[in-house]
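The values are calculated or read from the model by the stated rules, or taken from the named source; none is laboratory data. None of these values were measured; they are calculated from a predicted model. Cβ atoms come from the backbone with ideal geometry, glycine included; neighbour counts cover every protein chain shown. Note: accessible area is taken over every heavy atom of the protein model, side chains too, but ligands, DNA and RNA are not part of it. Shrake-Rupley method; radii C 1.70, N 1.55, O 1.52, S 1.80 Å.
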Amino acid sequence: MAAPMEVAVCTDSAAQLWSCIVWELHSGANLLTYRGGQAGPRGLALLNGEYLLAAQLGKNYISAWELQRKDQLQQKIMCPGPVTCLTTSPNGLYVLAGIAESIYLWEVSTGNLLVILSRHYQDVSCLRFTGDSSHFLSGGKDCLVLVWSLCSVLQVDPSRTPAPRHVWSRHTLPITDLHCGFGGPLARVATSSLDQTVKLWEVSSGELLLSVLFDVAIVAVTMDLAEHHLFCGGSDGSIFQVDLCTWPGQREKTFQPEQDSGKAFRGHRNQVTCLSVSTDGSVLLSGSHDETVRLWDVQSKQCIRTVTLKGPVTNASIMLAPLSMLSSDFRPGLPLPHFNKHLLGAEHGDEPHRGGFTLRLGLHQQGSEPSHLERADQLHAVMSGTMEKSVLGGQDQLRIRVAELEDEVRNLRKVNRDLFDFSTRIITRPAK
């Protein structure tokens, strides 16, 4: 069986020839191009291996393409304002978008806007899900990184404001990038900021594990899959490599270029805007405002390939190519629904979506179904009532109830026998 193909997906702010380009990582061969708009920074996401989403630079909509129908813009997802960042859950069920200082969460199966989170004080600059889709993280220009539990956000009482699980406030200038490692709720998260630091956190405890100080502002950050190395893109075009397994263990470290000269990638002439590492950790992809995307050999720090675009690079990432990207006759299992702009859908001005069906992939937010909290309250009331009757000696009521249930069981058995006899007669009756 052939190894999965790794591809590089890139966008620039000019979008003169195309909005997004996909090329094979190791050969450099162009595979696909998508046309229709300019993708903004931190605004590119793959949805369920079937659609490519791009938040348009300075516009109030998200472009969506089927992976194989690259020349036809499948849909525009209209939003209440310009989208500053975008991500999708790894399980393909949710879309997250930052709009000004708020976070909008949509359900993909229905297009319903489930919740609007407004806990940042300035624009949201980056969003990430954990690998198991149980949590998501948001970073903003207010210097805060918030960790949200998806379950808590979806099940919160509508009269209450959802609260993040952790608030990380150790940065002193705007957050520029987030990277979430593997492990779901046990993952480690790297955050970068204009305050010239990169910090490493633990999602489960919210504890700060490491803070690294550089001599330039850090605009992009990523880690390899094994989390041995931290790669940090600077505002001067340099890329720094921090080894996470070699330092003595102190929580604060200063990266010194003169002593760590062998830990820097140099070649970009302007700030590095995005970073991504190959699956085996041997290759690093970087995009920059100097309008180039570069591929680096991690061990030698040498540039393997340079791809020149038509404008400042806004997104560049390495991913395993989905089967739908390589198969010309692939079509998505379900079409994208109409995405609502308001929490209550058509009641607040959204046109109702007609001529289709609705598939719900969960019980949350369904008006006919009680929430988990309501069910817990009901169960507690039943258990309390049963305990009270037992303590107060309600044995007579219990005996009466047992007798009623026994009668019901006898009646059900009789009905079952009658149905069986009737079915047998029908089946064995000779044909006329």
Just add up the charged neighbours of CYS126: K/R +1, D/E -1, any other residue whose Cβ is under 11 Å from the Cβ of CYS126. +1
Accessible solvent surface per residue of region 197-345, calculated while the other protein chains remain in place, 1.4 angstrom probe, Å²: 43 Å²
Would you mind working out the accessible area per residue for region 63-171, using a 1.4 Å probe, and quoting it in Å²? 36 Å²
Given 0.36 nm per residue, what is the gain on full extension from ILE400 to ALA14 after removing their alpha carbon distance, in nm? 131.1 nm
For LYS341, which aspartates and glutamates qualify as cross-link partners when the Cα separation must be under 18 Å and same-chain residues fewer than eight apart are set aside? GLU101, GLU107, ASP350, GLU351
At what distance in nm do the modelled label points of CYS151 and ALA29 sit from each other, each positioned 7 Å from its Cα along Cα→Cβ? 4.6 nm
Could you check how much of the accessible area of region 1-140 is carbon and sulfur, as a whole percent, using a 1.4 Å probe? 49 percent
GLN250-ARG69 FRET efficiency (beta carbon distance; Förster radius 51 Å; 0.05 resolution): 0.45
With each label point set 7 Å from Cα along the Cα-Cβ vector, what nm distance links ARG170 and LYS414? 7.3 nm
Rounded to 0.05, the calculated FRET efficiency for the beta carbons of THR306 and ALA226 at R₀ = 22 Å is 0.25
Once neighbouring chains are kept in place and the probe is 1.4 Å, which whole percent of the accessible area of region 173-266 is contributed by carbon and sulfur? 52 percent
In region 284-341, if the dipole is taken from +1 on Lys/Arg beta carbons and -1 on Asp/Glu beta carbons about the Cα centre, which of SER328, SER286, ASN340 is farthest to the positive end? ASN340
Scan around ALA100 for amide H atoms under 5 Å from its own, H built in the peptide plane at 1.01 Å from N, and keep only partners 5 or more places away or cross-chain. THR84, VAL124
Local charge sum around ARG331 (other residues, Cβ-Cβ under 11 Å, Lys/Arg +1, Asp/Glu -1)? -2
Per residue convex hull volume, Cα only, region 174-280, in Å³ is 103 Å³
Once amide H atoms are placed 1.01 Å from N in the peptide plane, what residues at a sequence separation of 5 or more from THR273, or on another chain, have their amide H within under 5 Å of its amide H? GLY287, SER288, HIS289
If R₀ is 51 angstrom, what is the calculated FRET efficiency for the pair SER133 and SER423, using the beta carbon separation as r and rounding to 0.05? 0.65
Protection proxy ranking of 330-340, 144-154 - average other beta-carbon atoms within 10 Å, highest first: 144-154, 330-340
For a 31 Å ceiling on Cα separation, which of these pairs sit above it: LYS253/LYS310; LYS141/LYS310; LYS59/LYS263? LYS253/LYS310; LYS59/LYS263
Amide H neighbours of ARG119 at under 5 Å, excluding residues fewer than 5 places away on the same chain, with H built from the backbone geometry, are ILE103
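Using a cut-off of 12 Å between beta-carbons, work out the net charge of the residues near LEU412 (Lys and Arg +1, Asp and Glu -1, LEU412 not included).
Details: positive: ARG410, ARG413, LYS414, ARG417; negative: GLU406, ASP407, GLU408, ASP418.
Residues close to LEU412 contribute a combined charge of 0.
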If you look at just the Cα atoms of region 112-167, how large are its Rg and its Dmax in Å? 11.2, 30
If you place +1 on the Cβ of every Lys and Arg and -1 on the Cβ of every Asp and Glu, how big does the dipole about the Cα centre of region 119-226 come out, in debye to the nearest 20? 220 debye
